[in-house]
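The values are calculated or read from the model by the stated rules, or taken from the named source; none is laboratory data. Just so you know, these numbers come straight off a predicted model, no measurement behind them. No Cβ is skipped: glycine too gets one built from the backbone with ideal geometry, and neighbour counts run over all protein chains shown. Remember, those area values only see protein heavy atoms, side chains included, never the ligands or the DNA or RNA. Shrake-Rupley method; radii C 1.70, N 1.55, O 1.52, S 1.80 Å.
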Amino acid sequence: MKVRVFYHGKCFDGTASAALFSRFYGERVRADVEFQFSGLVHRAGALFDEADFDGEENAIVDFKYSSSPKITWWFDHHESAFLSAADAAHFEHDESNRKFYDPAFKSCTSFIAMIAEQRFGFDPSPVADLVKWTDVIDGALYADAKTAVEMKAAAMKLTMVIESAPDNIFVPNLIPLLATKSLDQILEEPFVAPLLPPLLRRHELSIDILKQRTECKDATIFFDVSDQDLEGYNKFIPYYLHPESIYSVGLSKSSFRVKVSVGSNPWAPQPPVVNLAKICERYGGGGHARVGAISFNVNQHAAAIRASQEIVAELRAAVRDGHK
């Protein structure tokens, strides 16, 4: 039996969610299964292609909801989980006991672990370390910015590898290992280990580039690295460079999109009060209250710049108003 698992691509939590779901499914639902893994990315336009839902069961984890009748399992924890009010209503009326949503969870992986254990009798203890690290990484639960930027832990190194995956085969090959091996063991795999040294060098270079490009005013950072090959940069570098900041807005570019990243400093001198998911939703994006993003087509660079400038102005005004 073929089970197609769609997951948030280029994301540690998305990848780990696919691993945990496949382990849970194999142990508690059906064992004679061939899993096929497909990464999904946020982009301008349609996020799903109905023709891709070709499994006898199709699951989506750590990504937006699809009302397609071919989707039989869904788990997500993003505040902006639904593309439309119709999708939200479709979910609310679902009675399959196979679709689950809770934006209170730090990571989708920990959400799946809880649901699988409580409702299906799954034992998540063999993957406890993986679950713990998805909460740390997706919830930005590092002790400080220095820890987040130094990338010493195995999970953080794997995050860097996943976000810079060299092709569409790499992460699907990695997912079964995450379900069965320790993070340290995975780093030593022959197809993983050679990728680390150049990525660590690139990480050091990205710190230097962002040091030159970041500007912090009214506790809000802005930077534009859309002319650099920096997709997948460590999102905590701006806060490491500007510990006085509360918010950050950054522009980056890949082969298929221009991305506006909107975030908040987990170690800010005062807590952020603006819901960033709501801001991003106005431009067709989404995320969480404390971090979000918007994807534009590669030929919409001017629109991405305009959106980033509007968001920066809004956040800086919010900070100034808060200081009055």
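Is it fair to say His301 is of a type outside the set (Gly, Ala, Ser), in contact with a strand residue (DSSP E or B) (Cβ under 6 Å, 6 or more places away or on another chain) and more than 24 Å from His42 (Cβ to Cβ)? Please lay out each step first, then the result.
On the way: of a type outside the set (Gly, Ala, Ser): yes; in contact with a strand residue (DSSP E or B) (Cβ under 6 Å, 6 or more places away or on another chain): yes; more than 24 Å from His42 (Cβ to Cβ): no.
Taking the combined requirement at face value, the residue does not satisfy it.
Scanning segment 68-123 for residues that are within 21 Å of the chain's Cα centre (by Cα), among the hydroxyl-bearing types (Ser, Thr, Tyr) and not in a helix (DSSP H, G or I) yields Ser80, Ser84, Tyr101, Ser107.
The lone criterion from (1) in contact with an Asp or Glu (Cβ under 7 Å, 6 or more places away or on another chain); (2) more than 30 Å from Arg290 (Cβ to Cβ) left unmet by Tyr65 is number (2).
One line per residue, one yes/no per condition, for (1) assigned to a strand (DSSP E or B); (2) small (Gly, Ala, Ser); (3) crowded, with 21+ Cβ neighbours inside 10 Å; (4) modelled with pLDDT of 95 or more:
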residue: Phe222; (1), (2), (3), (4): yes, no, yes, yes
residue: Asp229; (1), (2), (3), (4): no, no, no, no
residue: Trp267; (1), (2), (3), (4): no, no, no, yes
residue: Tyr283; (1), (2), (3), (4): no, no, yes, yes
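Does Lys278 satisfy the condition of being part of a helix (DSSP H, G or I) and over 12 Å from Ala145 (Cβ atoms)? Against the criterion (part of a helix (DSSP H, G or I) and over 12 Å from Ala145 (Cβ atoms)), Lys278 qualifies. If you filter segment 204-217 down to residues that are open to solvent by 50 Å² or more (accessible area, probe 1.4 Å) and outside any helix (DSSP H, G or I), you find that the one that is farthest from Thr147 (Cα to Cα) is Lys217. The residue that is least open to solvent (accessible area, probe 1.4 Å), among those in segment 67-108 that are polar (S, T, N, Q) and modelled with pLDDT under 95, is Ser80. Total residues in segment 106-132 satisfying the condition of being out of contact with any helix residue (DSSP H, G or I) (no Cβ under 7 Å at 6 or more places or on another chain) and more than 16 Å from Glu27 (Cβ to Cβ): the figure is 2.
Being open to solvent by 30 Å² or more (accessible area, probe 1.4 Å) and either more than 28 Å from Glu27 (Cα to Cα) or not basic (Lys, Arg) (or both) is not true of Lys181.
When the strands (runs of 3 or more DSSP E) confined to segment 1-62 are screened for residues that are touching a residue at least 40 places away in the same chain (Cβ under 8 Å), crowded, with 20+ Cβ neighbours inside 10 Å and aromatic (Phe, Trp, Tyr), those reaching at least 1 such residues are found at 2-8, 34-40. Considering segment 243-253, the residues that are without any contact (Cβ under 8 Å) to a residue 40 or more places away in the chain and part of a loop (DSSP other than H, G, I, E, B) include one that is most open to solvent (accessible area, probe 1.4 Å), namely Glu244. Among the conditions (1) open to solvent by 60 Å² or more (accessible area, probe 1.4 Å); (2) under 18 Å from Met160 (Cβ atoms); (3) at pLDDT 95 or above, the only one that Lys278 does not satisfy is (2). Restricting segment 285-324 to residues that are part of a loop (DSSP other than H, G, I, E, B) and in contact with a His (Cβ under 8 Å, 6 or more places away or on another chain), the residue that is surrounded by the most Cβ atoms within 10 Å (Cβ to Cβ) is Gly285. Residues being open to solvent by 20 Å² or more (accessible area, probe 1.4 Å), more than 26 Å from Ser164 (Cα to Cα) and touching a helix residue (DSSP H, G or I) at 6+ places or on another chain (Cβ under 6 Å) are entirely absent from segment 235-242. Per the listing Asp144, Asp138, the residue uniquely of a type in the set (Asp, Glu) and surrounded by 20 or more Cβ atoms within 10 Å (Cβ to Cβ) is Asp138.
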